[in-house]
1. Kindly state, to the nearest 0.05, the FRET efficiency for S418 paired with E40, given R0 = 41 Å and r defined as their beta-carbon distance.
2. Classify the stretch 319-411 as rounded, prolate or oblate from the Cα gyration tensor: take a ≥ b ≥ c as the square roots of its eigenvalues, call it rounded if a/c is under 1.5, otherwise prolate when a/b beats b/c and oblate if not.
3. Tally up the carbon and sulfur contribution to the accessible surface of the stretch 135-253 as a whole percent, 1.4 Å probe, everything protein left in place.
4. How much accessible surface does K193 have with a 1.4 Å probe, in Å² rounded to 10?
5. Tell me whether the stretch 154-250 comes out rounded, prolate or oblate; compute the Cα gyration tensor, take square roots of the eigenvalues as a ≥ b ≥ c, and use a/c under 1.5 as the rounded threshold.
6. Per residue, how much accessible area does the stretch 285-432 show when a 1.4 Å probe rolls over the protein heavy atoms, in square angstrom?
7. Arrange the residues H356, H414 by how much accessible surface each exposes, largest first, with a 1.4 angstrom probe.
8. Which FRET efficiency, nearest 0.05, do K94 and H60 yield, Cβ-Cβ r, R0 25 Å?
Amino acid sequence: MLFRSTGEVIGRDESAPVEVAPVVEPLTVTDLVADEQEGELIVTLGELIYRVRGLDKNAHAEQLKINLLVRRGEHFHVDNLDLYAARARFGFIKQASLELSLDEARLKADLGKLLVFLEARQAKVAQEKLDEQQGLVGQVALNDRERAAALKLLKDPALLSRILTDLEFCGVIGENTNKLVSYLATVSRKLDKPLAVMIQSSSAAGKSSLMDAVLNMIPKEERVQFSAMTGQSLFYMGETNLKNKILAISEEEGADQASYALKLLQSEGEVSIASTGKNAVTGALETQQYRVEGPVMLFMTTTAIDIDEELMNRCLVLSVNESREQTEAIHRMQRQRQTIEGLLADKDKKARVSLHQNAQRLLRPLLVANPYAEKLTFLSDKTRTRRDHMKYLTLIQTMTLLHQYQRPIKRIQHGGQSLEYIEVTPSDIEMANRLAHEVLGRSLDELPPQTRKML
């Protein structure tokens, strides 16, 4: 049932012939002014002010239960009602008419306008939730110029060198292996089994600068960043809010209580919890299940020497260069940033960051096949290499995924579907071997890099 702006119910003569209109335009209210303030909606219609509370608690489209207050000067009337219930509307109109000394027809017209407006708002909220579940919220449409520039970057044969150059331009000196591995790990969010990264160093060594510089290259809609997490917070983040995204935690110590959930999310690809809550309709207590779906790429930093062993062996552990030479290079960069050339360079940094973000938006979650997989070898003298071996294979896949615009896309029929995939090349394996030799070789060492250097 629809209302005109006058509150009159639209009907039709049952005896008249039925005409099918190609498009039905929704009713709109032009003389209504609305403002949302701290969880309540303030609607102005002429000299009357309506305050709406509890709108977001409506879990079904068949109900529109609200707490409604109407004010005229110093006089007001407030009541709980369901706008879809004719008796409730009639009761509200009659009582408000007495309290405000207004004609019932005026209040009836206002309630009709309010109903149309709130219906449209609820439909918009429902569509936003649907878009969120389908991963459409926050997606940015690129114009032709932005798309062409991003494709040019992704098709550049020297793509890895461009990544290193741009990260250095953004303030990360040296650390070439750490920069490449971190960047590749963020790309792995598009895979079914993403990588996880833990940057370990002493305080003020630059671990946060490295993580922030790499994360800035990723679109905001594809990363979630926190300073700390409680033990239960991960379970209530929304079913698909983390799917194929990056979850970054500034300090691993800040997520100590959530380490169990993080380990499950990394290994199993999802976490779930059963909790007691109230039914939105009946108000009765019932067992409710909350589920967070992955996969998700974990990105963390820590100053701790002794890291949770189970969490660490799920991650690529990177150690920041703490040498005197690296410190002097950072000092030179900091001084150079104070010059006019450095100040102008900061203005150009935004353009480079935006270019990489657009390039990341163009990356597709393709299948990656490795035709050389059975010829590869890996250490097998420790049981933890069972996980490290998968990190190595995923690193190769990610290298190929990053270069997807430089690889032919192949198709295969399976289960009545046409699947697209790209294949690993020897150059992908060669580069992954160089990175894995340094990163995974370090993670197999029982001593932290700082301790080994001192010894």
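1. Numbers: r = 51 Å, r/R0 = 1.24.
Working from the Cβ atoms, E equals 0.20.
2. Oblate shape, in that a/c is at least 1.5 and b/c is the bigger or equal ratio.
3. Details: 2550 of 4960 Å².
Solvent-exposed carbon and sulfur of the stretch 135-253 make up 51 percent of the total.
4. Here the accessible area works out near 120 Å².
5. oblate
6. That works out to 57 Å² for each residue.
7. On the way: H356 0, H414 125 Å².
Ranked from most to least accessible, the order is H414, H356.
8. The calculated FRET efficiency here is 0.40.
The values are calculated or read from the model by the stated rules, or taken from the named source; none is laboratory data. Remember, predicted model here, so these are calculated numbers, not experimental data. So basically every Cβ, Gly included, is an ideal-geometry build from the backbone, and we count neighbours across all protein chains shown. Quick note on the areas: whole protein, heavy atoms, side chains included, nothing else; ligands and nucleic acids left out. Shrake-Rupley method; radii C 1.70, N 1.55, O 1.52, S 1.80 Å.
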